[in-house]
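The values are calculated or read from the model by the stated rules, or taken from the named source; none is laboratory data. Treat the numbers as computed from the prediction; the structure is a model and nothing was measured. Ideal geometry is used to build each Cβ from the backbone, glycine not excepted, and the neighbour counts take in all protein chains shown. Note: accessible area is taken over every heavy atom of the protein model, side chains too, but ligands, DNA and RNA are not part of it. Shrake-Rupley method; radii C 1.70, N 1.55, O 1.52, S 1.80 Å.
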Amino acid sequence: MRVTRTPRTAPTTRRTLLRASAATAAAGVLAAGSPPVGAAPRTRSANAAGPATPAAALKELAAGNRRWRTLRQRHPHETAGVRSALVSGQSPFALILGCIDSRVPPELVFDQGLGDLMTVRSAGEVLDEAVLGSIAYGVLELGIPLVVVLGHQSCGAVAAAVHAEETGESLPAHIQYVADQIRPAIVHGQHGDARVDATVSAQVRLVRSRLARESDLAAKVAAGKLAIVGARYELGTQLVHGVG
């Protein structure tokens, strides 16, 4: 039975520059894949902690995605004992900033269970103060060592932003705000569906770079306690791979 992991306490940090090399190296873990499907399942004894470093967290996500895309999901950490233990607290090992798309639920895509992931979702992974505050809470208060900005193939929010820019049409209500936030990522060197697809990856890179400029997060990266990486999920293959 799994018991609650003790939350990691974030130390007070000063403003510093992000070391881009750390994030680049971490992104390669997702792109490289994961251990063989037949590897021993992840288990935790009493008082055992989950992945506590960026590299270990990336390996765990890669292994989970491999299980998902090969139809060998384990649906871990759903037992009555786990549910009871989590009443007293949480200590997720990764934070996923993903899109609201119903086809890309992070807990399924990475085959994780209760207490494993903190998920923040907005159309096109768009940042606003609520999203930034949610990410800051996970990293600074819970000590989460990994943030993944997860875009996906055939993103409707990106497609809407591209269409609005190309046609000059206004989008309804607050959807225009989402499109305006995505607009700086639009790739003008491509056309049609290729433009939308390229912009999906460009939006991931843009959001990741914006998070990397947040001083508190950058300080954690510089100290080696956090990685912020970009990735995208392919609907056709169910593969998650790094976006540099």
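Checking each residue in the range 149-164 for being part of a helix (DSSP H, G or I), more than 13 Å from ARG195 (Cβ to Cβ) and touching a Gly at 6+ places or on another chain (Cβ under 6 Å) picks out only ALA157. Within the range 198-244, the set of residues being free of Cβ contacts under 8 Å to residues at least 60 places away in the same chain and closer than 20 Å to SER122 by Cβ comprises THR199, VAL200, SER201, ALA202, ARG205, LEU206, SER209.
Checking ALA173, ALA157, ALA130 one by one, the residue that is open to solvent by 60 Å² or more (accessible area, probe 1.4 Å) and closer than 30 Å to GLU60 by Cα is ALA130 and no other.
Taking the criterion of being among the β-branched types (Val, Ile, Thr) and either open to solvent by 40 Å² or more (accessible area, probe 1.4 Å) or closer than 18 Å to LEU61 by Cα (or both), the residues of the range 201-236 that qualify are VAL204, ILE228, VAL229. Checking each residue in the range 176-193 for being farther than 22 Å from PRO105 by Cβ, open to solvent by less than 30 Å² (accessible area, probe 1.4 Å) and in a helix (DSSP H, G or I) picks out ALA179, ALA185.
Of everything listed in (1) more than 25 Å from HIS188 (Cα to Cα); (2) in contact with a His (Cβ under 7 Å, 6 or more places away or on another chain), the single unmet condition for ILE228 is (2). Against the test of being without any contact (Cβ under 8 Å) to a residue 12 or more places away in the chain and of a type in the set (A, V, I, L, M), the options ALA94, ALA130 yield a single qualifying residue, ALA130.
Specify which of the listed residues (VAL120, VAL148, VAL139) is without any contact (Cβ under 8 Å) to a residue 60 or more places away in the chain and of a type in the set (Val, Ile, Thr). So that I can check it myself, show each step before the final result.
Details: VAL148 fails: without any contact (Cβ under 8 Å) to a residue 60 or more places away in the chain; VAL139 fails: without any contact (Cβ under 8 Å) to a residue 60 or more places away in the chain.
The conditions single out VAL120.
The number of residues in the range 151-175 being touching a residue at least 12 places away in the same chain (Cβ under 8 Å) and not hydrophobic (A, V, I, L, M, F, W, C) comes to 6. Being among the acidic types (Asp, Glu) and out of contact with any helix residue (DSSP H, G or I) (no Cβ under 8 Å at 6 or more places or on another chain) is the requirement here; does ASP216 meet it? Criteria not met by ASP216. Which of the residues that make up the range 69-112 are in a loop (DSSP other than H, G, I, E, B), crowded, with 17+ Cβ neighbours inside 10 Å and over 15 Å from the mean Cα position of the chain (by Cα)? Result: PRO76, HIS77, SER91.
Quick check: is even one residue across the range 42-58 under 21 Å from GLN153 (Cβ atoms), among the basic types (Lys, Arg), open to solvent by 50 Å² or more (accessible area, probe 1.4 Å) and in a loop (DSSP other than H, G, I, E, B)? Checking the range 42-58: not a single residue is under 21 Å from GLN153 (Cβ atoms), among the basic types (Lys, Arg), open to solvent by 50 Å² or more (accessible area, probe 1.4 Å) and in a loop (DSSP other than H, G, I, E, B).
Being assigned to a helix (DSSP H, G or I) and touching a Cys at 6+ places or on another chain (Cβ under 7 Å) narrows it down to one residue among VAL204, VAL196, VAL200; which is it?
Numbers: VAL204 fails: touching a Cys at 6+ places or on another chain (Cβ under 7 Å); VAL196 fails: touching a Cys at 6+ places or on another chain (Cβ under 7 Å).
The unique qualifying residue is VAL200.
With respect to GLY138, determine if the residue is open to solvent by less than 20 Å² (accessible area, probe 1.4 Å), in a loop (DSSP other than H, G, I, E, B), modelled with pLDDT of 95 or more and out of contact with any Gly (no Cβ under 9 Å at 6 or more places or on another chain). The answer is no for GLY138. ALA63 fulfils the conditions (1) open to solvent by 30 Å² or more (accessible area, probe 1.4 Å); (2) at pLDDT 95 or above; (3) not hydroxyl-bearing (Ser, Thr, Tyr) except for a single criterion, (1). Being over 28 Å from THR199 (Cβ atoms) and in contact with a helix residue (DSSP H, G or I) (Cβ under 6 Å, 6 or more places away or on another chain) is a description that applies to GLY115.
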